[in-house]
1. Within the stretch 152-169, track down each residue that is without any contact (Cβ under 8 Å) to a residue 24 or more places away in the chain, assigned to a loop (DSSP other than H, G, I, E, B) and open to solvent by 50 Å² or more (accessible area, probe 1.4 Å).
2. If you scan the stretch 238-271, which residues turn out to be touching a residue at least 12 places away in the same chain (Cβ under 8 Å) and of a type in the set (S, T, N, Q)?
3. If the Cβ limit is 9 Å and pairs must be 6+ apart or interchain, which residue in the stretch 96-119 that is open to solvent by less than 30 Å² (accessible area, probe 1.4 Å) and at pLDDT below 95 pairs with which residue that is assigned to a helix (DSSP H, G or I) and acidic (Asp, Glu)?
4. Output the residues belonging to the stretch 197-211 that are open to solvent by 70 Å² or more (accessible area, probe 1.4 Å) and touching a helix residue (DSSP H, G or I) at 6+ places or on another chain (Cβ under 8 Å).
5. From the list Ser180, Ser169, Ser145, which one is touching a helix residue (DSSP H, G or I) at 6+ places or on another chain (Cβ under 8 Å) and modelled with pLDDT under 95?
6. When the residues of the stretch 250-262 are narrowed to those that are in contact with a strand residue (DSSP E or B) (Cβ under 8 Å, 6 or more places away or on another chain) and small (Gly, Ala, Ser), which ends up surrounded by the fewest Cβ atoms within 10 Å (Cβ to Cβ)?
7. Take Ala278 and decide whether it is more than 14 Å from Gly184 (Cα to Cα) and open to solvent by 10 Å² or more (accessible area, probe 1.4 Å).
8. Based on this model, can you work out whether Glu247 counts as among the acidic types (Asp, Glu), open to solvent by less than 30 Å² (accessible area, probe 1.4 Å) and modelled with pLDDT under 95?
Amino acid sequence: MLPGRKRRAEPLDDYPDSSPAPAARATQQTQRGGQQTRRQQSPDSDAEDFVDGDEGGESDNASIQQLAKNLVRYALSCEYARVPLRRQDISTKVLGARSRAFKEVFDEAQVMLQDIFGMEMVELEKKEKVTISQKRAAQMSQNASKTSGQWILKNVLPKKYLNDDRILSPPRAPTIEAESQYVGLYSMAVSLILLAGGTLPEAKLDRHLKRLNADQSTPIDKTDKVLARMGKDGYIIKVKENQGGEETIDYVVGPRGKAEVGAEGVAAFVKRVYGEEADDSLHQRLARSLGLSERGAWEAGPATQRRDRGRPRRPDSNEEEQDEDQSEED
């Protein structure tokens with residue numbers, strides 16, 4: 001048998017199985033082409049990124065402006081319903097994904113409210129701890145927030161415009177008459193509580209309402225429903241407490257009552273009731289009862305009524321008895 005001759009090795013290109021797959025070759029070519037393209041386009045892409053950065057800053061400012069406008073609309077709608085603005089609701093209903101921009105949006109909305117509407121958002125005080133159990137719970141709670149996180153709209157117009165009906169008139173919803181009556185009723189309730197030292201027992205409130213012939217019903221609705229509405233709106237708070245097996249019911253001023261009416265508002269309200277008979281002794285009594293300085297009592301609104309509002313009313317015997325009761329309590 002003849003010895004076998006060695007065959008020359010064939011080129012690898014003749015054997016497709018040993019060559020790279022077409023897909024692999026295409027991938028390598030694509031990668032090389034992509035690198036060359038990126039090298040060629042890198043200056044233009046840098047310029048585009050720079051322009052996009054400027055446009056991003058302008059769009060961010062426009063976004064803050066739009067969110068502030070939305071917050072103004074939301075604040076006005078909440079004030080119409082006498083519902084306080086809550087920070088959680090603002091983050092959810094107004095800011096959405098931009099919750100981190102709360103301070104910027106809030107400050108911008110504050111400027112819009114002051115410049116356009118003559119109003120501003122003021123933070124409500126936390127509810128006062130009245131009962132013994134509430135005070136103990138507040139002492140035990142170390143992580144309690146010192147702020148309420150709730151705001152309402154308050155008028156910031158100069159005092160000379162506050163009594164001009166052409167500029168500041170009662171709201172028209174539901175009607176001017178109904179809204180005026182409700183404002184008068186809650187102003188009276190807040191005044192009685194503050195003049196009594198900040199806490200008024202239910203029996204004394206009923207006695208005052210009876211003198212006004214409002215112990216059963218008012219021009220708006222039944223007295224119980226009106227008081228419940230005042231509590232819901234935050235003007236007054238009904239506090240129940242058990243002492244020695246007996247339940248006592250007192251009324252205190254709520255957060256909205258303090259912010260919207262307050263001690264100075266009560267002083268102005270009383271002075272308008274007394275009209276031209278508001279003398280130095282009245283200012284001294286108001287300052288003592290409300291914790292104001294005599295100067296603050298003098299500056300709390302006009303001391304005289306306008307003539308078209310009717311004749312000044314003299315205090316009757318019931319008011320004199322009320323003054324005697326207050327002096328005895330003091």
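1. Restricting attention to the stretch 152-169, the residues satisfying the condition of being without any contact (Cβ under 8 Å) to a residue 24 or more places away in the chain are 158, 160-161, 164-169.
Filter once more, keeping what is assigned to a loop (DSSP other than H, G, I, E, B): 158, 164-169.
Those that are without any contact (Cβ under 8 Å) to a residue 24 or more places away in the chain, assigned to a loop (DSSP other than H, G, I, E, B) and open to solvent by 50 Å² or more (accessible area, probe 1.4 Å): Pro158, Asp165, Arg166, Ile167, Leu168, Ser169.
2. Across the stretch 238-271, the qualifying residue is only Thr248.
3. Correct list of pairs: Ala101/Asp60.
4. Correct list: Arg211 only.
5. It is Ser169.
6. Ala259
7. yes
8. So Glu247 does not fit the description; no.
The values are calculated or read from the model by the stated rules, or taken from the named source; none is laboratory data. On a predicted model such as this, the values are computed, not experimentally measured, just so you know. Every residue, glycine as well, gets a Cβ built from its backbone with ideal geometry; the counts of neighbours run over all protein chains shown. Quick note on the areas: whole protein, heavy atoms, side chains included, nothing else; ligands and nucleic acids left out. Shrake-Rupley method; radii C 1.70, N 1.55, O 1.52, S 1.80 Å.
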